[in-house]
1. If Lys and Arg each add +1 and Asp and Glu each add -1, what is the summed charge of the other residues whose beta carbon sits under 13 Å from the beta carbon of Pro105?
2. Assuming R0 = 41 Å, what is the FRET efficiency of Arg100 and Ala366, from their Cβ-Cβ distance, to the nearest 0.05?
3. If you take every residue apart from Cys153 with its C-beta less than 12 Å away from the C-beta of Cys153, what net charge results, scoring Lys and Arg +1 and Asp and Glu -1?
4. Express in nm, to one decimal, how much length is gained between Gln60 and Lys186 on full extension, taking 0.36 nm for each residue of separation and deducting their alpha carbon distance.
5. Just want the ordering: Thr116, Thr129, Thr142, from fewest to most Cβ atoms lying within 10 Å of their own Cβ.
6. I need Ser318, Ser234, Ser282 ordered by Cβ neighbour count within 10 Å, fewest first.
7. Are there trypsin sites (Lys or Arg not before Pro) in the range 277-376 that DSSP puts in a loop and that have at most 15 other Cβ atoms within 10 Å, and which ones?
8. Just to confirm the filter: which GluC sites (Glu not before Pro) across the range 193-284 are DSSP coil and have at most 10 other Cβ within 10 angstrom of their Cβ?
Amino acid sequence: MPNTVPPRSPARRRTLQSLALAGVSPWLPAFGKSKPERKLGVALVGLGGYAGNLLAPALQLTKHCRLAGIVTGSPEKIAPWQRKYGIPDKNVYDYGNFERIADNPDIDVVYIVLPTSMHAEYTIRAAGTGKHVWCEKPMAMTAAEARSMIDACTKNKVRLAIGYRLQHEPITQQVVAWAKEKPYGKPLKLRAEAGYRGYSEGYDPDNWRLDPKRGGNPLYDMGVYAINAARYASGLEPVAVTAKAEVKRPEIFRGMEETMRFRLEFPGGLFADCMTSYGENSNILRVDCERGWHEVSPFQVYSGNRGRTSDGKALDASLGPQPRMQAKQMDDDALALMQGALFIAPGEEGLRDLRVIDATFASAKAEGKRVEIARG
């Protein structure tokens, strides 16, 4: 990877500026504009449930990337992973020697699959190795952390993608297209809800999703789906939010809300009524427009999302059983690296959601006061 930037013509400069605004590090050469000759090596950082049950199996289905290495703080997990996936000793790391990945040509991408509170630290460390970085959503705990991650990747001339798997899924891509084309007219109101009762039967102190210090919180875990959906379904960026937090079972949800209800305000008078919860089941995205409506429910499951429209269309563009969605996500991002193309969900996409999350927490803390969402 070159350390110098070639001279830039005015036309090239305009192209580079456009790429940079879209989340591409334009000084990086593509791996190849033609058909890729090899699969990119991916190292998973964190071997919890999502990595073990979905990402690792998905990497066995991908065409353009492969599971090349692992990083874990649990020595007992190493041997089973090596046996199952054929990972050599030289591609196994712990959190202490993580930076040695810099010297490993088998690894092209580091995928951060840790609790949310650790995303910023390990993304920044990964960027320092000179490897490209994929990071699970939510991108970070705060917008300030998200900005530091983007800046670290820019400084180290590597690219950053966020694991918004839904944005790689056909139904979601149809909703995004409708936000641009407006076949049902201008959106008039929007509803986005993502919640489940997965933790309502008892408290597990070892589950990081119930630990606010580690990023456990329904707004981070599930609310990011509602926020992202409201943004891509409207094609707009929210300008303000009002929010109310609820806790019905404080013995389970300690130091955190159980449910967050919030209203996003968009330019032009559009509002999105949103909800996220660890105590209520809900999984719906609905957009009511001037000349009809469209709805996806469920809209964010790993497989089996379904939609319908006011004029009788059925949205059922399945990728196949899980983990096909995660496989497509990683293949899309690998191809973007190989071809020097834009990521579907670059770091800036995660940053925009964190700005909304910051404002939502602030509004709830202020008992529903309208809080403007940071811009820029």
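1. Within the 13 Å Cβ shell, the charges total +1.
2. Efficiency for this residue pair is about 0.35.
3. +4
4. Extending this stretch completely gives an extra 41.1 nm.
5. Thr142, Thr129, Thr116
6. Ser318, Ser282, Ser234
7. Arg291, Lys313, Lys369, Arg370, Arg375
8. Sites meeting the loop and neighbour criteria: Glu201, Glu251.
Values in this text are rule-based calculations from the coordinates and carry no lab data. If you're wondering where the values come from, they're calculated on a predicted model, not measured in any experiment. Using ideal geometry, Cβ is built from the backbone for each residue, glycine included, and neighbour counts are taken over all protein chains shown.
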